[in-house]
Amino acid sequence: MEGKRIHLSKILPCIITIILAIVTIWPFYITVLMAFKTPRETFQSFYGLPKVFRLDNFINAWKITNFSLAFKNSFIVTMVSLVFIVLATSMAGYAIARSNKKFYNFIYVLFVSGMMVPFQVIMIPLYKMGRKFGLVNNRWGIILIYICLGVHLAVFLYTGFVKGIPKELEEAATIDGASTPQIFFKVVFPLLKPITMTILVLDTMWIWNDFFLPLLFLQDTKIRTLPLTQFYFYGKYNTQMNLAFAAFILAMIPILIFYFAMQKYIVKGIVAGAVKG
Amino acid sequence: MGTSKKSSRQRWFFIFILPSLFLFTISIIIPVIQGFILTLTNWDGIQKSYDFVGFKNYITLFQDELFYNALINTLKFTLGVAIFQNVFGLLLAVLLNKSSRVNNFFRTIFFMPAVLSVVLAGFIWTYVYSDGIPALYDMLNLKFTSSPLGNPDMAMIALIIIQLWLCTGTTMVIYIAGLQSIPEDIYESAKVDGANHLQSFFKITLPMLGPAITINFVLVVKQAMMVFDLVFVTTSGGPGHCTDVLSTYLWETTFTNNQAGYGSSMSFIFLLILIIMAMLQLKFFRKREVEM
């Protein structure tokens, strides 16, 4: 009796975990299966494996979605936005953390309250402003908006992190005659690496996967990002599901590679962002 | 010398903060003010001219049945997601808390959907519901009528399930971080005192997880209240407004029905609801945390 009970309490968690894992994997499994099969094979047996693993669907999907262009667009938008977010907000975070003037505290509170504002509130004025200044259907326009919207969370995270760094190093550098920008870029910025990584992974996932902003601002096919390309592609080809699923896999691969490579940082980033946000 | 250095430092601080302040001003402060002014107009979103109508938009809003419908749907969605995402997230965290190669593998699996774009997830699940589940039913010789996304009674539940699939990994990760901050020796001494697994879960784990629970609820509620992409790409609010949530109804009002002024007033009520919910939750959970 006692032996059996220990047995059950060990086995039960395993069973629950495996069942939940299967449910989680299931949509991925269907995706992969569909992408390799022909419509005929899908019709004959939905869950059966294909006889041969053909790449035809992928090749066609690559061509039709113009995958390399969409990838390039997403890549440029994400990378350029990240560089400017990190540059602008690390400096601001440093200034807020190190200055004891009330003005900076006020700005900090302002940034934090900005985090509450849902995108819908600023959507219409932002779109109106975008049209006025030619930022709609313009890659640099959407980049500017991403930089803007990325400011408050990043400033918030940087400020908190800088406050935790001892001032001694900076004081020593001051005595050596270094100016404030020198101190920041040579001494402080390298120390910010952990939180910079956090901001980079959080913002990469946000900008790379974002759908709402491109839907509003990027209608021109030449500059559409991956999620938007997928959206319009699916609208047209949702009768050819095998092709559509091959396109889904193509779109998933970059972010999954990013995930497997950066998992440690992503998990850390999620926790850091959550605890502070 | 000392003072001039100090003032030069202050000058640099000001220069450092300027870019962020500028970006924040043009993207949040000015749009919020402009947005509020728009709520007082009848602007259609296209034409250059519009009239001021005072608070008429707000009055219309409080009589708009579709707005209440969207609000109730949003709350239903949020309630379902908040409860189950936390239950499953905590369950997975407890199951996979100990760091081992097998557990890390499972954590990787459970978090995987969270990195996908919602657009992809929405399309994949649309197909899972329309073809994947029927095929499964077929194999088990059961009858399956139609996709739950097209069924007014099931559509909301179907959406909640997709959201759970997408986001439970994030909740799990935060709970694992919380679990790992609980010192191991508390469990040891509880064991010595004769507490079983369930007892130590309810008497130690749950109370010690207080902050993590607060964070997860606030985050999940905020995320669920603001849901847009998922509904937009799967049901676009259908069938028959059954899954219309605040953000999709807002989109419809603004861009499909060309009522930008009215849409703006809805967005401000939306903001107000979000603020009230966040404050209520913080009050509720902080109080409980202290009691425990």
Where in chain B are the helices, taken as whole DSSP H runs, whose Cα atoms extend 30 angstrom or more along the long axis and whose Kyte-Doolittle mean reaches at least -1.0?
B:2-24, B:65-95, B:155-180, B:260-291
Multiplying the sequence separation of residue B:139 and residue B:100 by 0.36 nm and subtracting their Cα-Cα distance, what value in nm do you get?
10.4 nm
Could you state the angle between the C-alpha long axis of helix A:119-132 and the longest principal axis of the C-alpha atoms of chain A, as a value from 0 to 90 degrees rounded to the nearest 10?
80 degrees
Between residue B:76 and residue B:7, Cβ-based FRET efficiency (R0 41 Å, step 0.05) works out to 0.10
Once you wrap a convex hull around the alpha carbon atoms of segment A:131-216, what is its projected area averaged over all directions, in nm²?
7.2 nm²
Go through A:51/A:236; A:193/A:264; A:128/B:48; A:10/B:191; A:101/A:167; A:222/B:48 and tell me which ones have a Cα-Cα distance over 22 Å in this structure.
A:51/A:236; A:222/B:48
For peptide A:216-227, the mean count of other chain Cβ atoms within 10 Å per residue Cβ is 1
Expected 222 nm ellipticity per residue - DSSP helices of 4 or more, -39500 (n - 2.57), all of chain A, to 500
-26000 deg cm²/dmol
Quick check: residue separation of residue B:185 and residue B:29 times 0.36 nm, minus the Cα distance between them. What number comes out in nm?
51.2 nm
Mean projected area, convex hull of alpha-carbon positions in segment A:170-252, reported to one decimal in nm², is 8.2 nm²
Which log10 I(q)/I(0) values does chain A give at q = 0.10, 0.11, 0.13 Å⁻¹ under the Debye formula, counting every alpha carbon as one identical point scatterer?
-0.72, -0.82, -1.00
Charge tally for neighbours of residue A:57 with beta carbon under 14 Å away, counting Lys, Arg as +1 and Asp, Glu as -1, is +2
Could you compute Rg(Cα) / (2.2 N^0.38 Å) for chain B, with N its residue count?
1.28
Grab the other residues whose beta carbon is less than 14 angstrom from that of residue B:97, score K and R as +1, D and E as -1, and report the net.
+1
To the nearest 20 debye, what is the magnitude of the charge dipole of segment A:1-123 about its Cα centre, counting +1 on the Cβ of each Lys and Arg and -1 on the Cβ of each Asp and Glu?
160 debye
Taking every residue of A:180-192, the Cβ atoms of other protein chains inside 10 Å of its Cβ average out to 1
Among A:194-201, B:192-199, what's the highest-first ranking by average C-beta atoms within 10 angstrom per residue?
A:194-201, B:192-199
Between the Cα axis of helix A:226-237 and the main Cα principal axis of chain A, the angle (0 to 90°, nearest 10) is 30 degrees
Show that you can apply the helix-only estimate: for chain B, add -39,500 (n - 2.57) for every DSSP H stretch of four or more residues, divide by all residues, and state [θ] at 222 nm to the nearest 500.
-22000 deg cm²/dmol
Please compute the Kirkwood hydrodynamic radius of segment A:2-54 from all pairs of different C-alpha atoms, in Å with one decimal.
13.5 Å
Simple label model, 7 Å out from Cα along Cβ direction - residue B:206 to residue A:167, nm:
4.6 nm
Long-range HN-HN contacts of residue B:41 with modeled amide H, under 5 Å:
B:53
In whole angstrom, largest first, the equivalent ellipsoid semi-axes that the Cα gyration tensor gives for the protein assembly as shown are 38, 34, 26
How do B:130, B:117, B:49 rank when sorted from fewest to most other Cβ atoms within 10 Å of their own Cβ?
B:49, B:130, B:117
Taking r as the C-beta separation of residue B:87 and residue A:176 and R0 as 56 Å, the FRET efficiency to the nearest 0.05 is 0.50
Per-residue average of Cβ from other chains inside 10 Å of A:17-23:
4
Be a star and scan segment A:62-83 for residues whose amide nitrogen sits under 14 Å from the point 7 Å along the Cα-to-Cβ vector of residue A:222.
A:69-70, A:73
Once you put a point 7 Å from the Cα of residue B:195 and another 7 Å from the Cα of residue B:49, both along the Cβ direction, what distance in nm separates them?
7.4 nm
Using Cα-Cα distances under 8 Å and only pairs 6 or more residues apart, what relative contact order does segment A:33-117 have, in percent?
16 percent
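Here, each number is a calculation from the coordinates, and none is a lab measurement. Fair warning: this is a prediction, and the values are worked out from it, not measured in the lab. Every residue, glycine as well, gets a Cβ built from its backbone with ideal geometry; the counts of neighbours run over all protein chains shown.
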